[in-house]
Amino acid sequence: MTLRPNLVMAAILALPPSLALAQAKPPVAQFWADAATHSMSIPGMGDMEEGAMGMFGGGFFGGTRMASGAPGKWLDTALYTRNKPSGTLGSHAIPPALNMGGALPLVPVQVERGRGESEGGDMEKPKGRLLFYWGCGETVRPGQPRVVDFAKAAPGEFSKFMIGRFAPDRGAKAVPGRSVWPNEQDRKRVPGNASLNGDHAVSGEGVPASLKFAIGAGHDFMPKIDMSAQGDPKGVVNVGWGDVNNARAYFLSAMGARGEQEMIIWSSSEQPDPGWGLMDYLPPAQIDRLLKEKVILPASTQRCAIPSGIFAGVEGAMVRMIAYGPELNLAHPPRPADPKAPWNPDWAVRVRVKSTGMTMLGMGDEGDGRRGGRRAAGEPPAQEKEESGALPSPGNILRGIFGR
């Protein structure tokens with residue numbers, strides 16, 4: 001299959017449904033911007049910075065291309081134009097409030113060539129058990145947990161066990177034909193005081209000169225999630241958080257391990273969905289649908305209890321959450337009032353925002369997961385505990401189940 005039809009189809013699918021149905025051709029140019037805010041806290045360490053995040057492994061927060069789970073603000077952008085489907089050297093003029101200069105360079109994604117087939121060899125068979133719980137509340141509900149014993153599970157049982165809903169790929173993905181930032185030429189960090197508020201313009205060979213738009217406060221970076229996890233893991237753990245401006249819904253998940261033979265997963269969904277595919281941007285229609293299905297939590301929610309005893313005896317457990325933000329979709333020229341009138345926009349823009357947070361369970365004073373918890377007398381600092389292997393990472397937990 002050739003590259004160009006795929007790119008054209010991807011551009012069509014990336015548009016809002018009403019836009020895709022009302023036109024025969026995709027816009028000449030499409031621009032995507034994904035804005036994420038990541039935060040994390042460990043008792044006694046406050047908000048962690050980028051350098052300390054390596055121990056938790058990249059991608060635990062999900063979503064963004066360059067963030068790799070590190071705390072802070074992250075921006076990913078991508079440009080595609082039908083006039084130069086192989087990619088164009090472009091520029092994204094940014095507002096002063098972003099505090100990153102006057103413009104960000106957009107560089108075409110390079111096609112990787114000459115890559116051979118993946119190395120052979122049999123994958124090590126998983127070992128131990130996987131336990132899955134779901135739902136907020138103080139007690140474990142009937143019929144839980146779902147359990148997979150890898151010593152007894154039939155082939156494919158694990159895949160079926162973990163099937164769940166997922167976020168569609170509709171954003172600033174780095175694929176051939178698109179021009180992206182960050183890139184090899186420019187990958188500077190977004191400052192903590194950055195704002196998307198203001199006028200933006202995108203230019204480059206094959207890009208319509210009219211590709212200019214504004215982003216307001218309703219689609220700016222979301223604030224950090226201020227969350228706490230109070231309670232001993234042997235009992236109920238109460239996860240609480242402050243109101244997150246512009247949040248449309250929330251979702252939480254937690255995981256931990258007992259030794260190297262048992263992994264425990266929990267999600268806040270009322271349905272048995274582990275949520276692996278939901279820690280990312282969601283389109284507005286999917287947010288509405290998942291709220292009706294009670295898979296994600298309404299924006300008015302500020303507390304969720306992890307049922308008693310789920311994480312009793314674990315060597316380490318962590319809880320993460322996401323605040324789903326709004327989505328901005330623009331097109332030029334605007335859609336005609338008459339739905340039957342021809343409409344072939346010159347460009348379309350999609351801006352998505354989210355905020356994610358993570359904290360540890362049962363690490364504070366008497367299980368208090370709030371930031372700034374006191375260390376017990378003689379207990380080593382958290383950094384020393386990590387160096388000695390006391391703090392778990394998602395990668396280490398998974399390796400304990402699936403082998404090294």
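The values are calculated or read from the model by the stated rules, or taken from the named source; none is laboratory data. This structure is a prediction, so every number in the text was calculated from the model and none was measured. Cβ atoms come from the backbone with ideal geometry, glycine included; neighbour counts cover every protein chain shown.
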Reported set for the stretch 292-342 where residues are under 25 Å from G171 (Cβ atoms), within 22 Å of the chain's Cα centre (by Cα), in a loop (DSSP other than H, G, I, E, B) and without any contact (Cβ under 8 Å) to a residue 24 or more places away in the chain is E293
Filter result for R289 (in contact with a strand residue (DSSP E or B) (Cβ under 7 Å, 6 or more places away or on another chain), modelled with pLDDT of 95 or more and of a type in the set (K, R)): no
Going through the stretch 171-193 in order, the residues found to be surrounded by 21 or more Cβ atoms within 10 Å (Cβ to Cβ) and farther than 13 Å from H92 by Cα are G171, A172, G177, R178, V190
Note on the stretch 341-355: residues surrounded by fewer than 23 Cβ atoms within 10 Å (Cβ to Cβ) and either among the polar types (S, T, N, Q) or at pLDDT below 85 (or both) are N344
Practice problem: Scan the stretch 243-264 and give yes if some residue there is assigned to a strand (DSSP E or B), surrounded by fewer than 24 Cβ atoms within 10 Å (Cβ to Cβ) and among the basic types (K, R), otherwise no. | Solution: yes
Going through (1) at negative phi; (2) crowded, with 16+ Cβ neighbours inside 10 Å one by one, G275 fails only at (1)
